Amino acid sequence: MKEKKTITISVPTDWKAVTLRQYLKLQADLKTYGDTDEGYLAALLDNLCEFPPQYLYGLEVGALRKIQADITNFMNNTELPLQKFIQVDGREYGFEPNLANMAYGAYLDITKWDTIQMDENWAKIMSILYRPVLHKTSGLYEIQSYAGWIDEEKFLDVTMDVHWGCLFFFVRTLVDSLSAIQNSLMEMPEVAPSIKSILATNGKTTPLSSYSQEEISAILMKSLSNH
């Protein structure tokens, strides 16, 4: 009689247990293998639970469903709060305290990408938005000046609760900015051609909520670059 093998599976219950490196690998695997239920489950277990895919068939159906439910529960919750301060390689980093007046070099480096989303460029954007904290005082803080150095590698191992919080705060800020731009332009008798063409293409009266996250960021980034 063949002896049963006991396998321990560590199942994450929130984004704090998943790094950006893991998330990007998961997305790549889902794109390749996720078109079937088997491939989808294997990608989840391999990337989030470090569970070898070859053992998938040996799992009990009840256990497999429980694991899938636990993972799905937290994966559906990505709109998390911004964390102003984070630890990176044992050092405190702070989020850009004034997006409206960020260094021009930081602005240029962020706007060179057409979209802002959780992809292979996101770690680069994070290394621009988060920089070492120099000092704090009376609720205010100062971070290291942006010197054009992008070090995305260290942000690949930052957990996804930090990344999602930053992404949604940043996108919401971009949406608010785009809304203000649209309202202002509609009150003006003349509109700059580059902005006018963008609004005409995307629909001046279309509610922002009807756009996807990728469409919103693409629209704003292009409008900023052409303005």
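Things worth noting here:
- Residues satisfying the stated conditions in segment 79-132, i.e. more than 19 Å from Asp157 (Cα to Cα) and touching a strand residue (DSSP E or B) at 6+ places or on another chain (Cβ under 8 Å): Glu96, Pro97
- Residue in segment 70-88 that is basic (Lys, Arg) and over 16 Å from Cys166 (Cα atoms) present: no
- Restricting the first member to segment 1-19 and to residues that are under 15 Å from Asp46 (Cβ atoms) and of a type outside the set (A, V, I, L, M, F, W, C), and the second to residues that are modelled with pLDDT under 95 and in a loop (DSSP other than H, G, I, E, B), the beta-carbon pairs closer than 9 Å and six or more apart or on different chains are Ser10/Cys49; Ser10/Glu50; Ser10/Phe51; Pro12/Cys49.
- Flag for Ala43 being surrounded by 14 or more Cβ atoms within 10 Å (Cβ to Cβ), under 22 Å from Met160 (Cα atoms) and touching a Leu at 6+ places or on another chain (Cβ under 6 Å): yes
- The residues in segment 120-159 that are part of a strand (DSSP E or B), touching a residue at least 24 places away in the same chain (Cβ under 8 Å) and basic (Lys, Arg) can be counted, and the count is 1.
- Residue among Glu79, Glu92 that alone is of a type outside the set (S, T, N, Q) and either part of a loop (DSSP other than H, G, I, E, B) or without any contact (Cβ under 8 Å) to a residue 24 or more places away in the chain (or both): Glu79
- A search for C-beta distances below 8 Å between a residue of segment 106-117 that is closer than 20 Å to Phe168 by Cβ and any residue that is surrounded by fewer than 16 Cβ atoms within 10 Å (Cβ to Cβ) and of a type outside the set (A, V, I, L, M), counting only pairs 6+ apart in sequence or on different chains, returns Thr111/Ser225; Thr115/Glu214; Gln117/Glu214.
- Residue satisfying all of: in segment 122-141; among the β-branched types (Val, Ile, Thr) and over 17 Å from Thr111 (Cβ atoms); surrounded by the fewest Cβ atoms within 10 Å (Cβ to Cβ) among these: Thr137
- Residues in segment 49-71 that are in a helix (DSSP H, G or I) and either of a type in the set (Asp, Glu) or within 16 Å of Asp29 (Cβ to Cβ) (or both): 6 in all.
The values are calculated or read from the model by the stated rules, or taken from the named source; none is laboratory data. Everything numeric here is computed off the predicted structure, so don't read it as measured data. So basically every Cβ, Gly included, is an ideal-geometry build from the backbone, and we count neighbours across all protein chains shown.
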